[in-house]
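Working notes for the structure below.
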Amino acid sequence: MNEGPDGVKELIRLGTLFDLENGELALTQEGAHSHRRILHANGDATGYEIVRALAVEVNEHPGIEVWDEHFVIDLITDRGECIGALVQKDDGSQVFVKAQATVLCSGGAGQLYRYTTNPDVATADGVAMAYRAGAIVRDMEFIQFHPTSLCYPGAPRFLVSEAVRGEGAYLRNVKGERFMDRYHAQLELAPRDIVARAIVSEMESTNSTFVYLDITHEQPEMIKHRFPTIYETCMRYGLDMTTDWIPVAPAAHYMMGGVKTDLSGESSISRLFACGEVSSTGVHGANRLASNSLSEAIVFGRRIVDRIQSLPPLGLLQVRGAAPSSVEMNNKINKITEEQKPVSERRLRLQKMMVRQVGLRRNGEDLQKAMDKLQQELQFFDQTLTHKEELEYANLLTCAWLVTSGALHREESRGLTIVRISRRVMISCGRSIVCSSENKRLWRN
């Protein structure tokens, strides 16, 4: 995308400190890339550095008010337009925020899975809210699994960056054998879906729960300088990247689908926009290339701003006899009974089911079993939801239904989704799976 370089220049202008080498921007190579084209900051903390620089700008901007520890329950629409959102404050009270434009930047759905590189807040809230509001969502079955997350007792599924392989690391099975030559000509720098499935195949054939990432043949000084965060995290658990092979396994990483937008970032609902992982702009196809998500967010963030500036003023609200269903629902008394399972137990059960039946490799039988279980779980929506944990689980359940339904309809292998039918791997070009809440609504009073 030719707007990307200008976006990077804007980040630098706003104070982002990318790494330099001999006075020039330092570049690295990642999986499926043909050459070094990826900027990095503080070695392996690029995302953190971008957030730091932008957070400083936001906090110092007189026209921006930041609300921490608030939870958006639902979008509010009027006559086919999004007019704002219902927000729950940290004290449990709720407020309707009217807005000329509403932008969803809520991230992905990694918490659908037991093992994920995503933070705890990646609970599919934006997609679920947009779907309930009537927006079109698409390609939800395309969930990207990162090949190399740390897999060690007592340690979180910490992301071991693809750049480690870009700088020369090898993948070895538990027998110590390099194996990627059996799967792809680009070896460790093959596309993510191929590397992830190769790792799973090796884990199955060796009856293990991980493979090794080996960069011990590189200079220790380079490893510590280039990957300080990964090095320090591994050291915290007694693993030294300079001398030890690091145990890794695939984990849920990125949601390719999401809220369908046009080239200005606007959804099918007027005045509702989506940016970042919650959106489905179409630029990633069925298998996102490493690091392209940051470029997408930069480019479409600017496009959204330009579009919002051209919007006409929001008209007067039309008063109706019935309040929005979300407002009505969330003002009821909570009637959760003692017989119902705790939300934490429900969430863990959902995550395990998604790993086993809607994970890296899928087949029709397991997908149908998952759908049957999800249909049984829809009774959760019959109760009144007030606590953040309940609302997050409701959003995860909605997204799980969308992912599983899309996967069931896609009887082909495409991008990062492999479907096995009658013991054959089906590979072909297929249609885009589009869902709209006009067809199925998963939020009931």
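Calculate, for region 57-171, the solvent-accessible area per residue in square angstrom, rolling a 1.4 angstrom probe over the heavy atoms of the protein chains. Computed with neighbouring chains in place, this is 41 Å² per residue. Highest-first packing order for the peptide set 278-284, 64-70 is 278-284, 64-70, based on the mean count of other beta carbon atoms within 10 Å. With just the Cα atoms defining each centre, how far is region 47-68 from region 275-306? Give it in Å. When both Cα centres are located, 20 Å separates them. When the residues Thr77, Thr404, Thr206 are ordered by accessible surface, computed with a 1.4 Å probe over the protein chains alone, the sequence from largest down reads Thr77, Thr206, Thr404. Protection proxy ranking, highest mean first, for peptides 125-137, 348-360: 125-137, 348-360, where packing is the per-residue count of other beta-carbon atoms within 10 Å, averaged. For the chain, a Gaussian network of Cα nodes joined below 10 Å ranks Pro191, Pro62, Pro153 by mean-square fluctuation, and the top entry is Pro62.
Which of the trypsin sites (Lys or Arg not before Pro) found in region 150-223 are loop residues per DSSP with 13 or fewer other Cβ atoms within 10 Å of their Cβ? Here the trypsin sites (Lys or Arg not before Pro) that fit, given the DSSP loop and packing criteria, are Lys175. Dipole size of the chain about its Cα centre, with +1 on Lys/Arg Cβ and -1 on Asp/Glu Cβ: approximately 1540 debye, rounded to the nearest 20. Straight Cα distances below 12 angstrom link Lys341 to the aspartates and glutamates Glu377, Glu390, with same-chain residues fewer than 8 positions distant left out.
Where only DSSP H runs of four or more residues are counted, the chain gives -10000 deg cm²/dmol as its mean residue ellipticity at 222 nm, each run worth -39500 (n - 2.57).
Label region 101-193 by shape, choosing from rounded, prolate and oblate, from the square roots a ≥ b ≥ c of the eigenvalues of the Cα gyration tensor; if a/c is under 1.5 it is rounded, and otherwise prolate applies when a/b is larger than b/c, oblate when it is not. Verdict is prolate for region 101-193. When each full DSSP H helix of the chain is screened for a Cα extent of at least 30 Å along its own axis and an average Kyte-Doolittle hydropathy of at least -1.0, the helices passing are 388-409. The accessible area of Glu30, taken with all protein chains in place and a 1.4 Å probe, comes to roughly 20 Å².
If you average the sequence gap of Cα pairs under 8 Å that are 6 or more apart and divide by the length of region 144-235, what percent do you get for the contact order? Once divided by the residue count of region 144-235, the mean separation gives 30 percent. Look at the alpha carbon pairs under 8 Å that are at least 6 residues apart: their mean separation over the length of the chain gives a relative contact order of 20 percent. When both region 136-190 and region 367-385 are represented by their alpha-carbon centers, they are found 32 Å apart. Among the protein heavy atoms, those of Lys369 account for about 90 Å² of accessible surface (1.4 Å probe, every chain in place).
For the chain, modelled as a Gaussian network with Cα springs under 10 Å, which listed residue fluctuates most, Ser291, Ser149, Ser405? Checking each option, the largest mean-square fluctuation is seen for Ser291. Output the relative contact order of region 104-192, whole-number percent, from Cα pairs under 8 angstrom with separation of 6+ residues. Relative CO of region 104-192 lands at 18 percent.
The values are calculated or read from the model by the stated rules, or taken from the named source; none is laboratory data. On a predicted model such as this, the values are computed, not experimentally measured, just so you know. Counting neighbours? That spans all protein chains shown, and the Cβs are built from the backbone with ideal geometry, glycine included. With ligands, DNA and RNA removed, areas are computed over all heavy atoms of the protein, side chains included. Shrake-Rupley method; radii C 1.70, N 1.55, O 1.52, S 1.80 Å.
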